[in-house]
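Data first, discussion second: the structure below is written as structure tokens.
The values are calculated or read from the model by the stated rules, or taken from the named source; none is laboratory data. These numbers were taken from a predicted model, which means no experiment stands behind them. Heads up, the Cβs are rebuilt from the backbone with ideal geometry, glycines too, and the neighbour counts pull from every protein chain shown.
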Amino acid sequence: MRLADYLHQAEIKPSAFAERLGVTRQTLWRYMSGDRRPEWDVLERIRAETDGQVTPNDFLDGPVEAASGPAPNEPRSAA
């Protein structure tokens, strides 16, 4: 669940949640907008404060995809 959705459903003001996390309101907005990713310690506090409803994976832009190209130690084909 996205953090903004959680705050809306739980009827928690972003400024109050930012205070609980120990970050500024502006920093929280940057997390929610995707302009900035939280550090691991903040991600853990977010998970704890939301009872696990918001997880570190919720801050990823999309599904993690395998990199294109040959597997490691596999020679590239001559083109």
Criterion: more than 19 Å from His8 (Cα to Cα), part of a loop (DSSP other than H, G, I, E, B), at pLDDT below 65 and out of contact with any Cys (no Cβ under 9 Å at 6 or more places or on another chain) - qualifying residue of Pro75, Pro38 | Pro75
Going through region 49-72 one residue at a time, which ones are loosely packed, with under 12 Cβ neighbours inside 10 Å and at pLDDT 80 or above?
-> Asp51, Gly52, Asn57, Leu60
So which pairs qualify, if the first residue must be in region 37-58 and under 13 Å from Val23 (Cα atoms), the second must be of a type in the set (Ser, Thr, Tyr), the Cβ gap must be under 6 Å, and the two must be at least 6 apart or on different chains?
-> Pro38/Tyr31
